[in-house]
Amino acid sequence: MPTIPSEGSLPPAREPFRSPAPEPYRHREVAESFGSDAERYDRARPRYPRALIDRILTAAPGTGVLDVGCGTGIVARQFAAAGCRVLGVDVDARMAGLARQYGLEAEVAAFEAWDPAGRIFDAVVSGQTWHWVDPAAGPAKAAQALRPGGLLAVFWNAGSPPPRLAASFAEVYRRLLPDSLAARQWSASAVDGYAALCAKAADGIRAANAYGAPEQWRFDWEHTYTRDAWLDQVPTTGSHTRLSPAELDRVLAGIGAAIDAVGGNFTMRYSTLAVAAKRNAMS
């Protein structure tokens, strides 16, 4: 899996926050809908490049990791495989329950209300979930759980299919779900959308006054999907988890036809975008 890291200090956001869904943390009901099919979510969602895991562990002072929004344990298992002691926290009991079936320790709570109970970690991480956390309360709570020099690292996978296929996906959603997030997302750059989430996260980290300057990391990689593998993932995203069965069937038929038209498989270009900052020494 090739990776191309890019890094540097993130500037403050200069424009109003434009994410795939405005202020998504205010719509917690969407965050709590992913557990409707936790097994599919765990099976179909992409993992994260090993270079990202290694970079976080190199920057952290130790191997105690708190995974915020752990879901089914996708991120947590990658850190556990690298030799870490991992605790997960998730708002959805169904997702946390599946994580426990994999042998992970997971607690059920909204992160803003979660009680560290005196526990201290070397790294607080969050994969594909930090936008569901209050941007002010989240960094403050993470600081309570981090030792001095500990690392807060939040990251997202931004996927870009071939341009022809992206246009076909956008047409399907404009026709079937014209007012949906998915109808907008396939008409715009995924990297730009997630870069906006990174900028928002960096602003929240700065405002907490508990961290050094946030840095941006980027890792580029690719994954090839068959038609069936992509259709398995589609229902796990926030644009689809609350569709009716009939609506979802129509979307899947349209997306499947678009993939068939390009030969039945395609290569997704992913960029994993991360924001990382170290906890200041405590007074």
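The values are calculated or read from the model by the stated rules, or taken from the named source; none is laboratory data. In this text the structure is predicted, and so the values were computed from the model without any measurement. No Cβ is skipped: glycine too gets one built from the backbone with ideal geometry, and neighbour counts run over all protein chains shown. For accessibility, only protein heavy atoms count, side chains too; no ligands or nucleic acids. Shrake-Rupley method; radii C 1.70, N 1.55, O 1.52, S 1.80 Å.
The table for this structure:
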item	result
Local net charge near D260, Cβ-Cβ under 15 Å (Lys/Arg +1, Asp/Glu -1)	0
For P178, net neighbour charge (Lys/Arg +1, Asp/Glu -1) across residues whose Cβ lies under 14 Å away	+1
List I56, I120, ordered by accessible area with a 1.4 Å probe, largest first	I120, I56
In Å², nearest 10: area of T129 left accessible to a 1.4 Å probe	20 Å²
Prolate/oblate/rounded call for region 114-193, Cα gyration tensor, a/c under 1.5 rounded	prolate
Heavy-atom accessible area ranking, 1.4 Å probe, most first, across R242, R279, R269	R242, R269, R279
Surface accessible to a 1.4 Å probe, per residue, for the residues of region 193-275, Å²	40 Å²
Overall form of the chain per C-alpha gyration tensor (a/c, 1.5; a/b vs b/c)	prolate
Stretch gain in nm, segment R47-V262, where the contour uses 0.36 nm per residue and the Cα spacing is subtracted	74.9 nm
Fraction of beta bridges assigned by DSSP in the chain that are antiparallel (%, nearest 5)	60 percent
Charge dipole (debye, nearest 20) of region 144-252; +1 at Cβ of Lys and Arg, -1 at Cβ of Asp and Glu	200 debye
Where labels lie 7 Å past Cα in the beta-carbon direction, separation of S180 and N280 in nm	4.5 nm
Estimated inter-spin distance, S244 and A213, nm [label 7 Å along Cα→Cβ]	5.4 nm
Distance in nm between pseudo-label sites at R100 and T224 (7 Å out along the Cβ direction from Cα)	4.1 nm
Per-residue SASA entry for D260, accessible area with 1.4 Å probe, Å² rounded to 10	80 Å²
Environment charge of S168, counting only residues whose C-beta is closer than 14 Å and scoring Lys/Arg +1, Asp/Glu -1	+2
Most mobile of A106, A188, A117 in a GNM of the chain (Cα contacts under 10 Å)	A117
Total charge dipole magnitude, the chain, about the Cα centre, Cβ charges on Lys, Arg, Asp, Glu only, Debye to nearest 20	400 debye
Choice from G88, G204, G118 showing the highest fluctuation, given a GNM over the chain with Cα pairs closer than 10 Å	G118
Heavy atoms of S244 accessible to a 1.4 Å probe, total area in Å² rounded to 10	50 Å²
Positive-end residue of L248, G263, A123, charge dipole of the chain with Cβ unit charges	A123
Heavy-atom accessible area order for D90, D54, largest first, 1.4 Å probe	D54, D90
Shape call, region 30-160: gyration tensor on alpha carbons, a/c limit 1.5	rounded
Carbon + sulfur, % of accessible area of the chain - ligands and nucleic acids excluded, 1.4 Å	52 percent
Relative contact order for the chain, counting Cα pairs under 8 Å that sit 6 or more residues apart, in percent	27 percent
